[in-house]
1. Please enumerate the residues belonging to region 133-161 that are of a type in the set (A, V, I, L, M) and more than 16 Å from ligand 2 (Cβ to nearest atom).
2. Which of the following residues is out of contact with any Lys or Arg (no Cβ under 9 Å at 6 or more places or on another chain), more than 30 Å from Ala135 (Cα to Cα) and not charged (D, E, K, R): Phe263, Phe213?
3. On the basis of being at pLDDT 95 or above and buried (at least 17 other Cβ atoms within 10 Å of the Cβ), does Met160 make the cut?
4. It is to be established whether one or more residues within region 34-43 are over 9 Å from the mean Cα position of the chain (by Cα) and either assigned to a loop (DSSP other than H, G, I, E, B) or modelled with pLDDT under 95 (or both).
5. Can you tell me which of Arg62, Arg68 is more than 20 Å from Glu155 (Cβ to Cβ) and of a type outside the set (Gly, Ala, Ser)?
6. Has region 48-69 got at least one residue that is among the aliphatic types (A, V, I, L, M), part of a helix (DSSP H, G or I), more than 25 Å from Gly137 (Cβ to Cβ) and within 15 Å of the chain's Cα centre (by Cα)?
7. Only one of these is of a type in the set (D, E, K, R) and modelled with pLDDT of 95 or more: Arg211, Arg237. Name it.
8. Scanning region 236-257 for residues that are more than 19 Å from Leu128 (Cα to Cα) and of a type in the set (S, T, N, Q), which turns out surrounded by the most Cβ atoms within 10 Å (Cβ to Cβ)?
Amino acid sequence: MTTAAPRASTEELAAIARQARWKIIETVASSRAGHIGGPLSATDLLVALYFAQLDVDPSDPRAAGRDRFILSKGHSAIGLYAVLALRGFFPVDELATFDHGDSRLQGHPDMLLTPGVDASTGSLGQGLSAGAGMALGAKRLGHGFHTWVMVGDGELEEGMIWETVLSAPRFGLDNLTLIIDLNGLQQYGWPAEDSDRFDRSEPVGHVDLERVFTGFGWNALTIDGHDFDEILGAFDRVVSSRERAGRPTVIIARTAKGRGVSFTEGTYRWHNGVATEEQLETARAELLGTTGAGR
Ligand SMILES: Cc1ncc(C[n+]2csc(CCOP(=O)(O)OP(=O)(O)O)c2C)c(N)n1
Ligand SMILES: [Mg+2]
């Protein structure tokens with residue numbers, strides 16, 4: 001048996017998310033490499049999962065009955081690591097080793113190295129298929145756990161995802177939930193454009209994802225991915241078997257890339273990057289309300 005975290009209040013979740021965001025930007029700065037925009041857009045969803053939803057036990061990260069979570073957008077690893085550390089899977093101080101050659105915290109998640117990581121990811125497009133396998137395995141073996149997968153909106157361009165979107169309803173995988181981090185941006189933009197919003201594709205802005213997924217046989221809902229009341233409300237609807245009715249669920253979470261820090265929010269330019277000392281001070285003040293003086 002694993003133990004679910006007592007569900008934190010939305011105020012507590014917001015405070016944890018500010019800590020996690022600070023750890024993300026501070027860690028990438030100290031390791032001098034890493035992604036920022038994707039981890040920050042996913043932070044609130046990750047915090048809600050690990051502090052209010054997933055049935056996991058940091059002292060027994062491989063428990064057979066635990067809920068599974070796959071960060072298919074594996075470039076956002078530092079976001080997952082920050083949340084896993086705050087949840088107690090490993091010491092927060094270990095984040096300082098991020099992306100070092102001998103670290104358990106590699107630049108992309110490695111299930112053989114990091115406590116709490118259920119799948120190795122980084123090559124975009126693969127996580128949903130792995131998650132469907134876990135969900136199918138759970139059904140065949142009679143396990144009651146739920147499998148959650150998070151993909152990016154740019155990642156939806158990977159064809160392998162759509163093979164699983166097609167097949168998961170046929171297997172009745174109502175124990176599988178996909179979260180789409182719909183931040184409207186991916187890696188590159190058009191620097192000549194006036195607006196930061198002109199990403200190379202605006203990946204799925206032209207697609208009615210709810211209709212597409214519903215058409216494939218999924219249960220689909222759209223939420224604000226930074227509003228904890230909406231996130232927890234969606235999670236509650238997911239676990240209500242009445243609504244799922246034998247279907248997998250997709251939560252389409254509208255987010256902002258780089259969310260929570262003024263100079264990273266809403267621009268593809270901070271897909272990855274290393275903050276300067278001055279930028280770090282700005283981020284610290286915005287997230288923690290303190291300065292580094294006297295540290
Ligand atoms: C198969 C594959 N192609 C390309 C990349 C390089 N890459 C890493 S992140 C990224 C953009 C992803 O955009 P999105 O899915 O929207 O993620 P987010 O906005 O959340 O960062 C790309 C192209 C990769 N990791 N894997
Ligand atoms: Mg994106």
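The values are calculated or read from the model by the stated rules, or taken from the named source; none is laboratory data. For clarity, every value in this text was computed on a predicted model and none was experimentally measured. Don't worry about glycine lacking a Cβ; one is built from the backbone with ideal geometry, like all the others, and counts go over all protein chains shown.
1. Met134, Ala135, Leu136, Ala138, Leu141, Met160
2. Phe263
3. No.
4. yes
5. Arg62
6. The answer is yes, given that some residue of region 48-69 is among the aliphatic types (A, V, I, L, M), part of a helix (DSSP H, G or I), more than 25 Å from Gly137 (Cβ to Cβ) and within 15 Å of the chain's Cα centre (by Cα).
7. Every option except Arg211 fails the conditions.
8. So, considering only residues that are more than 19 Å from Leu128 (Cα to Cα) and of a type in the set (S, T, N, Q), the one surrounded by the most Cβ atoms within 10 Å (Cβ to Cβ) is Thr255.
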